[in-house]
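The values are calculated or read from the model by the stated rules, or taken from the named source; none is laboratory data. Since the structure is predicted, the reported quantities are computational estimates derived from the model, not experimental observations. Please note: Cβ atoms are built from the backbone with ideal geometry, for glycine as well, and neighbour counts cover all protein chains shown.
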């Protein structure tokens with residue numbers, strides 16, 4: 001007896017082309033790392049021309065390399081401080097009676113010359129680098145004294161416990177009595193004459209001086225303390241902290 005007929009199972013369906021992408025995860029697109037770029041080849045150094053080694057880069061002389069840059073930058077710092085003090089004195093002049101204007105006008109006029117001389121010295125020092133060592137010791141003399149005078153004027157100006165009339169009177173007499181026989185305008189005249197000679201020395205319009213003023217080894221921002229006026233000795237430590 002023959003077995004009952006049973007048909008063959010149907011063949012499996014062919015896979016779709018192209019295959020479907022995998023399902024996305026619930027948090028979005030899967031992270032696909034970016035291919036790393038190929039490193040750029042380093043340029044090869046050019047061989048020296050005519051078989052000679054290249055010359056070394058230019059350098060400053062050892063004397064100029066030993067100069068403290070804060071000394072030359074101090075001219076710009078004190079020039080900016082002088083501009084601030086000049087504006088303070090001009091605002092003080094606008095509220096003072098006319099009887100007090102002559103002495104104040106003298107200080108304002110000389111302070112304007114101080115700003116110009118300081119900036120001229122800083123500019124000429126960048127042009128005449130070879131003559132900078134001749135003026136370093138002199139800048140150590142004048143810059144600390146000038147800075148202390150300007151800060152004293154600012155302290156009197158900002159003293160709100162006094163009236164404007166008393167501020168100017170106390171400022172004038174206190175600073176004039178620090179150096180007997182030298183008023184406040186005369187002090188700025190000395191500063192300006194000193195800075196003018198430094199400017200001429202940088203331009204070599206005058207021969208260099210053979211005698212330099214002594215500079216004590218007290219701590220100071222400009223690597224020296226000025227013997228130009230006696231009050232600088234009492235503020236050496238305070239000046240080095242500013």
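Here are a few things to note about the model shown:
- Selection status of residue 182, in contact with a helix residue (DSSP H, G or I) (Cβ under 8 Å, 6 or more places away or on another chain) and in a loop (DSSP other than H, G, I, E, B): yes
- Among (1) modelled with pLDDT under 80; (2) surrounded by 15 or more Cβ atoms within 10 Å (Cβ to Cβ); (3) within 23 Å of the chain's Cα centre (by Cα) - the single one residue 202 does not satisfy: (1)
- Looking across segment 87-130, the residues that are in contact (Cβ under 8 Å) with a residue 60 or more places away in the chain, over 27 Å from the mean Cα position of the chain (by Cα) and part of a loop (DSSP other than H, G, I, E, B) come down to 95, 96, 97.
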